[in-house]
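The values are calculated or read from the model by the stated rules, or taken from the named source; none is laboratory data. Not measured: the values here are computed from a predicted model. When we count neighbours, we look across all protein chains shown, and the Cβ atoms used for this are built from the backbone with ideal geometry, even at glycine. Just the protein is used for accessible areas: all its heavy atoms, side chains included, with ligands, DNA and RNA removed. Shrake-Rupley method; radii C 1.70, N 1.55, O 1.52, S 1.80 Å.
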Amino acid sequence: MKRNKTSPLSRAFLKVMGDEKRQAITIPLFAVFLSLLAGAVLMLLLGKNPVEGYRSLLQGCGMLPKAKYAGGKGMFTDFMSYLDIWTPMLFASLAVAVAYKAGLFNIGVSGQMLLGGFIASITVGYSGLPAVVAKPLTIVVCVVAGALAGMLIGVLKYRFNINEVVSAIMLNYIFQYVISFFILTFFVNPITRQSETVSAAARLTMQDVEIFGMKTVVPLGFILAIIAVFVMQFFINRTRQGFELKAVGTSRGAAEYAGISSKRTILLAMSLSGALAGLAGATYYLGYLGSIQPKVLTTTGFDAIAVCLLGNANPVGILASSFLITIITKGGTYMNSSIGVPQEVSSLITGLMLLFAACGVYIRARLKRAKDRQEQEEKEAQQAKKEGGKA
């Protein structure tokens, strides 16, 4: 049976995608390209200019100038606001990645964020402590609360073999409604119907700081988030515990045979994941927002799954993917107000990125099959050339 030859276009595509090592970068970029292309097509169907749409996303995040600004605002203030919301996304994505490396799926990041944010609010945020004590203590409380919540999921996993996805979802609901009860009973603001705003001393985002003659926010947790990226990169790739984490994630049976305790590794992974989720909660509820809306789980913990997959669960890759997805989610508000593109379009683009990134294994398998076929064709061509020369 005659086989179809690889077309020049397919050969060019295979060359661009590269080998397996290079595909760790090219496949996520391909997923981004496809999702942005789909978003552009949708904007065209809505009668909007895709170039204007994507430009407004960047304008909403302070990366391109707007036509006009309100008093005391500017491109710099928009960018600082972008950093403020990027910070919890970065922590939340790292939380998902740590669990993912151990073969676990922590879908409870939003609940762990909420738990850490609430406990820190009532213990530190309303305490009246001075800033030099309150801010570090806020971080510690959120880390401990998140780690304990993550550890509980790990205990349920190895002790009773309860799937971590099921237990995390159930805990999300428990945290959401129990905390809502306490907020609405004891800590609600009668005007906003949210929890009382935490004190400025405990808040991790400084408000109305004058820089360059403009009043802006200063997210103190952003530097900590950047440090966390490189600490986690070192931990996963350069430490024994990081190696054990990846070994258990690759094959739990083989890891046990090699003497690695999967129980201890599961506990470590979920505790560390929960601690990072707690940091996300600290920078979200006691930073970006300053209060908690009852009966609502933030979507940050769920968007972090898309960020993690798009970044191949690599901390440095997550730094890039979270930067991009936060642009889309935050800039969607300005895109809606400036050119009338519904904000749901930005959510759709994010969802498509998750879909295409989740197809990474399939894309990699198809690329390998196409590359093997191309190599086989080249061998056959060389063989035919040799036989022709002998003749």
*With respect to residue 384, is the statement that it is hydrophobic (A, V, I, L, M, F, W, C), under 25 Å from residue 19 (Cα atoms) and over 17 Å from the mean Cα position of the chain (by Cα) true?*
no
Considering residues that are under 30 Å from residue 216 (Cβ atoms) and part of a helix (DSSP H, G or I), the number found within the range 13-62 is 13
Flagged in the range 189-216 as surrounded by fewer than 18 Cβ atoms within 10 Å (Cβ to Cβ) and in a strand (DSSP E or B), in numbering order, are 206, 207, 208, 209, 210, 211, 214, 215
Expected single match for buried (at least 22 other Cβ atoms within 10 Å of the Cβ), in contact with a strand residue (DSSP E or B) (Cβ under 9 Å, 6 or more places away or on another chain) and in a helix (DSSP H, G or I) among 275, 225, 280, 269 is 225
Over the range 344-384, the set of residues of a type in the set (Gly, Ala, Ser), open to solvent by 70 Å² or more (accessible area, probe 1.4 Å) and in contact (Cβ under 8 Å) with a residue 24 or more places away in the chain is none
Q) Can you spot a residue in the range 2-22 that is touching a residue at least 40 places away in the same chain (Cβ under 8 Å), more than 25 Å from residue 301 (Cβ to Cβ), polar (S, T, N, Q) and open to solvent by less than 10 Å² (accessible area, probe 1.4 Å)? A) no
Among 153, 183, the single one that is closer than 30 Å to residue 248 by Cα and either of a type in the set (A, V, I, L, M, F, W, C) or assigned to a helix (DSSP H, G or I) (or both) is 153
Within the range 289-316, residues being surrounded by fewer than 22 Cβ atoms within 10 Å (Cβ to Cβ) and either in a helix (DSSP H, G or I) or not basic (Lys, Arg) (or both) number 13
With criteria (1) surrounded by fewer than 21 Cβ atoms within 10 Å (Cβ to Cβ); (2) modelled with pLDDT of 85 or more; (3) more than 16 Å from residue 109 (Cβ to Cβ), residue 387 comes up short on (2)
